[in-house]
Amino acid sequence: MTWDNSAALQALPLIVEALRFTVLITFAGTAIAMILGLVLAILRRSRRRIVALPASWLVEFIRDTPLLVQLYFLYFVLLPSVGLSWSALLTGIIGIGINYSAYTAEVYRAGIEGVARGQWEAATALNFSSMQTWTSVILPQAVPKVIPALGNYLIAMFKDTPILSSIGVVEMLARAEIIGSQTFRYLEPITLVGVLFLILSYPSSRLVARLEARYGQTQ
């Protein structure tokens, strides 16, 4: 199959329109992953086993099962069983956010463990509450160290958004497949999707590289 410029020009606006869903999924999912991952990392350090063990189990369970299986279970099994009928887009955002939260939790854990033990002891000596210790002493030191790794996961999530088409989310790749099935030309729409992913991923990867140079490696 040879390249057809007219087919590419017809497909481009439709794919760019679907790009907004890809970007929405990425940023909303990243917000969920960053917040939930931090909560899980803190819970895993709890001295209460009844809190730490379920958090650890959840992280391991999510990391050891495929994202695709998790999305299917969430959309076709869990939500209908409790009487919820969320849209595919909302389910996909929450599903991918929860999946990546397990990985960001490990990143946060590495940053937290990198804080010197003396900082914990100093907070105790100053009679800081647990909340004060975390917000004023530990997290301000731990989070900057892991920003590059968190940035890498944002890029990875962006590239994983096509998986959500499996539950009916029409992001860029799904739109390209629809165009291909209607026109019987897959070369142009699929190529455009790849180019758009490259255009957006490359500057992001360069930014992460600059962050790594500034903050240093954390893993």
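The values are calculated or read from the model by the stated rules, or taken from the named source; none is laboratory data. Everything numeric in this text was worked out from a predicted model, so none of it was measured. When we count neighbours, we look across all protein chains shown, and the Cβ atoms used for this are built from the backbone with ideal geometry, even at glycine.
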> Within the stretch 33-51, is even one residue of a type in the set (Ser, Thr, Tyr) and at pLDDT 95 or above?
Replying inline: no
> Looking at the stretch 182-219, which of its residues are among the β-branched types (Val, Ile, Thr), part of a helix (DSSP H, G or I) and at pLDDT below 90?
Replying inline: VAL208
> PRO148 versus (1) modelled with pLDDT of 90 or more; (2) surrounded by 15 or more Cβ atoms within 10 Å (Cβ to Cβ); (3) assigned to a helix (DSSP H, G or I): which is the lone unmet condition?
Replying inline: (1)
> Can you tell me which residue in the stretch 125-145 is nearest to the chain's Cα centre (by Cα), limited to those that are loosely packed, with under 10 Cβ neighbours inside 10 Å and in a helix (DSSP H, G or I)?
Replying inline: MET131
> How about the stretch 22-44: which of its residues are buried (at least 19 other Cβ atoms within 10 Å of the Cβ) and of a type in the set (Val, Ile, Thr)?
Replying inline: THR22, ILE25, THR26, THR30, ILE32, ILE42
> Taking the stretch 173-185 on its own, how many of its residues are surrounded by 15 or more Cβ atoms within 10 Å (Cβ to Cβ), within 19 Å of ILE163 (Cα to Cα) and of a type outside the set (Asp, Glu)?
Replying inline: 7
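If I filter the stretch 1-37 down to residues being under 25 Å from VAL146 (Cα atoms) and of a type in the set (Ser, Thr, Tyr), which single residue comes out as nearest to the chain's Cα centre (by Cα)?
It comes out as THR30.
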> Within the stretch 95-111, restricting attention to residues that are in contact with a Phe, Trp or Tyr (Cβ under 9 Å, 6 or more places away or on another chain) and not small (Gly, Ala, Ser), which residue is surrounded by the fewest Cβ atoms within 10 Å (Cβ to Cβ)?
Replying inline: TYR103
> If you go through the stretch 80-117 one residue at a time, how many are more than 20 Å from VAL23 (Cα to Cα) and not in a helix (DSSP H, G or I)?
Replying inline: 7
> What number of residues within the stretch 1-42 are closer than 16 Å to LEU90 by Cβ and of a type outside the set (Val, Ile, Thr)?
Replying inline: 9
